[in-house]
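Chemist: Sharing a structure below in structure tokens format, with a few things to ask.
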Amino acid sequence: MAGIYIHIPFCKQACHYCDFHFSISLQYKDQLLAALAKEITLQKQYLDGETIETIYFGGGTPSVLDAGEISALINLITDLHTVASGAEITLEANPDDLDKAKLIALKNTSVNRFSIGIQSFFDDDLLWMNRVHRAAEAEAAVKRVQDTGFENITVDLIYGYPLLTDAKWKYNLDKVFELDIPHISAYSMTVEPRTALASFIKNKKQPAMNEEQSAAQFLYMMDAMQQRGFEHYEISNFCKPGHYSRHNSNYWKGIKYLGIGPSAHSFNGETRQWNIANNAKYIQSLETGKVPAEIEILTETNRLNEYIMTSLRTMWGLDLSKLDTIAKGAPDEVLIAAESFFEKNWISKKDGIIYLTQSGKLYADHIASELFF
């Protein structure tokens, strides 16, 4: 099994915190769609005949496309690959794009999962982030998606930023529970270089993020999710039983995937490649029949470290026997490096698998980096 990711690099406006590749101009949308189709065709052999289990439209804002444009890309993939019956096909969407007519049209496509970028149910927070939609629109969009017959829904929330009091964070989570959404992705506000937020903080127009606030809100969320029967299956992801994101779970499990579009990444177990993050150059290259990608051959050390980083973030944990298949003796070295984390009760081990404890999840990246080879 394998997955295909399609990057749609268009947004209506730029969120202040976002450093993903996108353009706020739709001027070259038709040329970009033609280039995506060309790359899908040229990359047909990348997954070596693997059955496609998941297709994920990410961005940017894929919901700026209409149902016909989305269907055309899915149909091309279906023509060129064996797509599993019941494949998970996800569309990232902004609430303001999900009107009734759009949803009815999408119901007639193969899309069967929505990832809705809500971020907050407070207008002042959304304005601070420079989001297009407003709180009432977010709630209404979720209800419209449900009323149209889509049950497999996830929403994004952000925590750990100055405007978000603990009371507001509790309200955001309670609202998601009230809406009976089966999957939630929640991220601590991160200040990325070259974003508007980074500039505001540098120029003293905004306060810096508070790590203690972020940690407290993360801990509160873990408890609230557990009480509501959600599984914390990856650091930033929670779901009701059986509602995992199959596409993203496969990333963390090291399953092959093909990335289509400017800035998209691909992985086949032996190599990793990434496309140029420039719409015009991406289009120009595909017009000449060339995929504008750089390729990295993964060394043994690369594969060890990647497995440590991705597996440790999940509820399935770091399987020491799998490390041993990558490099003999690797488990012994990891256990030696992990001694202090066992003592701090940040990690535990059962049946040869290392797991993060609840307190350890606050330090996931640090722990992983200390276990690297």
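The values are calculated or read from the model by the stated rules, or taken from the named source; none is laboratory data. Since the model is a prediction, treat every value here as computed from it, not as a measurement. Quick reminder, even Gly has a Cβ in these numbers, built from the backbone with ideal geometry, and neighbours come from all protein chains shown. To get the accessible areas, we keep the full protein, side chains included, count just its heavy atoms, and leave off ligands, DNA and RNA. Shrake-Rupley method; radii C 1.70, N 1.55, O 1.52, S 1.80 Å.
Chemist: Quick one: which residue in Leu356, Leu362 is within 24 Å of Gly254 (Cβ to Cβ) and surrounded by 18 or more Cβ atoms within 10 Å (Cβ to Cβ)?
Modeler: On the way: Leu362 fails: within 24 Å of Gly254 (Cβ to Cβ).
Criteria check complete, one pass: Leu356.
Chemist: Inside the range 340-353, can you point out the residues that are open to solvent by 20 Å² or more (accessible area, probe 1.4 Å) and part of a strand (DSSP E or B)?
Modeler: Keep residues of the range 340-353 that are open to solvent by 20 Å² or more (accessible area, probe 1.4 Å), which gives 340, 342-346, 348-353.
Within the range 340-353, Ser348, Lys349, Lys350, Ile353 qualify.
Chemist: So which residues in the range 258-279 are among the small types (Gly, Ala, Ser) and part of a strand (DSSP E or B)?
Modeler: At the first step, the residues of the range 258-279 found to be among the small types (Gly, Ala, Ser) are 259, 261, 263-264, 266, 269, 277.
Within the range 258-279, Gly259, Ser266 qualify.
Chemist: Do we have Lys168 as open to solvent by 10 Å² or more (accessible area, probe 1.4 Å), basic (Lys, Arg) and over 26 Å from Ile104 (Cβ atoms) here? Full working, then the answer.
Modeler: On the way: open to solvent by 10 Å² or more (accessible area, probe 1.4 Å): yes; basic (Lys, Arg): yes; over 26 Å from Ile104 (Cβ atoms): yes.
Spelling it out, Lys168 is indeed open to solvent by 10 Å² or more (accessible area, probe 1.4 Å), basic (Lys, Arg) and over 26 Å from Ile104 (Cβ atoms).
Chemist: Hey, another quick one. Does Phe177 meet the test of being assigned to a loop (DSSP other than H, G, I, E, B) and touching a Lys or Arg at 6+ places or on another chain (Cβ under 9 Å)?
Modeler: Numbers: assigned to a loop (DSSP other than H, G, I, E, B): no; touching a Lys or Arg at 6+ places or on another chain (Cβ under 9 Å): yes.
Answer is no for this residue.
Chemist: Quick check on my filter: what residues within the range 188-209 are surrounded by 15 or more Cβ atoms within 10 Å (Cβ to Cβ) and either touching an Asp or Glu at 6+ places or on another chain (Cβ under 7 Å) or under 18 Å from Ala135 (Cα atoms) (or both)?
Modeler: Thr195, Ala198
Chemist: Regarding the range 103-123, can at least one residue be identified that is more than 30 Å from Leu42 (Cα to Cα), surrounded by 14 or more Cβ atoms within 10 Å (Cβ to Cβ) and without any contact (Cβ under 8 Å) to a residue 24 or more places away in the chain?
Modeler: First, pick out the residues of the range 103-123 that are more than 30 Å from Leu42 (Cα to Cα): 103-104, 116-123.
Filter again for surrounded by 14 or more Cβ atoms within 10 Å (Cβ to Cβ), leaving 103, 116-123.
Next, only the ones that are without any contact (Cβ under 8 Å) to a residue 24 or more places away in the chain stay: 123.
Within the range 103-123, one or more residues are more than 30 Å from Leu42 (Cα to Cα), surrounded by 14 or more Cβ atoms within 10 Å (Cβ to Cβ) and without any contact (Cβ under 8 Å) to a residue 24 or more places away in the chain.
Chemist: While we're on this one: Just to be sure I understand, how many residues within the range 77-102 are crowded, with 17+ Cβ neighbours inside 10 Å and over 21 Å from Leu26 (Cβ atoms)?
Modeler: Here the count works out to 7.
Chemist: Being crowded, with 19+ Cβ neighbours inside 10 Å and in a strand (DSSP E or B) is the filter here; which residues of the range 296-318 pass it?
Modeler: Thr314, Leu318
Chemist: Just name the residue that is most open to solvent (accessible area, probe 1.4 Å) out of those in the range 130-165 that are over 23 Å from the mean Cα position of the chain (by Cα) and without any contact (Cβ under 8 Å) to a residue 24 or more places away in the chain.
Modeler: Asp147
Chemist: Further, regarding this structure: Among all residue pairs at least 6 apart or on different chains, which show Cβ distances below 7 Å where the first residue, located in the range 227-242, is under 19 Å from Ser214 (Cα atoms) and the second is among the charged types (D, E, K, R) and open to solvent by 40 Å² or more (accessible area, probe 1.4 Å)?
Modeler: Glu234/Arg313; Ile235/Arg313; Ile235/Lys361; Phe238/Glu231
Chemist: Looking at Ala280, Ala337, Ala293 in this structure, which one is touching a residue at least 24 places away in the same chain (Cβ under 8 Å) and either open to solvent by 60 Å² or more (accessible area, probe 1.4 Å) or over 30 Å from Phe22 (Cβ atoms) (or both)? Before the answer, list the steps.
Modeler: Values: Ala280 fails: either open to solvent by 60 Å² or more (accessible area, probe 1.4 Å) or over 30 Å from Phe22 (Cβ atoms) (or both); Ala293 fails: either open to solvent by 60 Å² or more (accessible area, probe 1.4 Å) or over 30 Å from Phe22 (Cβ atoms) (or both).
Only one candidate qualifies: Ala337.
Chemist: Looking only at residues in the range 210-237 that are part of a loop (DSSP other than H, G, I, E, B) and open to solvent by 60 Å² or more (accessible area, probe 1.4 Å), which one is nearest to Tyr161 (Cα to Cα)?
Modeler: From the range 210-237, those part of a loop (DSSP other than H, G, I, E, B) are 210, 228-230, 235-236; that's our starting set.
With open to solvent by 60 Å² or more (accessible area, probe 1.4 Å) added as a condition, the list becomes 210, 228.
Numbers: Asn210: 7, Arg228: 24 Å.
Looking at the filtered set, the residue picked out is Asn210.
Chemist: Hey, can you tell me all the residues within the range 319-334 that are open to solvent by less than 50 Å² (accessible area, probe 1.4 Å), farther than 21 Å from His232 by Cβ and within 28 Å of the chain's Cα centre (by Cα)? It would help to see each step written out before you state the result.
Modeler: First, the residues of the range 319-334 that are open to solvent by less than 50 Å² (accessible area, probe 1.4 Å): 319-320, 323-324, 326-327, 329-331, 334.
Okay, now just the ones that are also farther than 21 Å from His232 by Cβ, so 320, 323-324, 326-327, 329-331, 334.
Correct list: Leu320, Leu323, Ile326, Val334.
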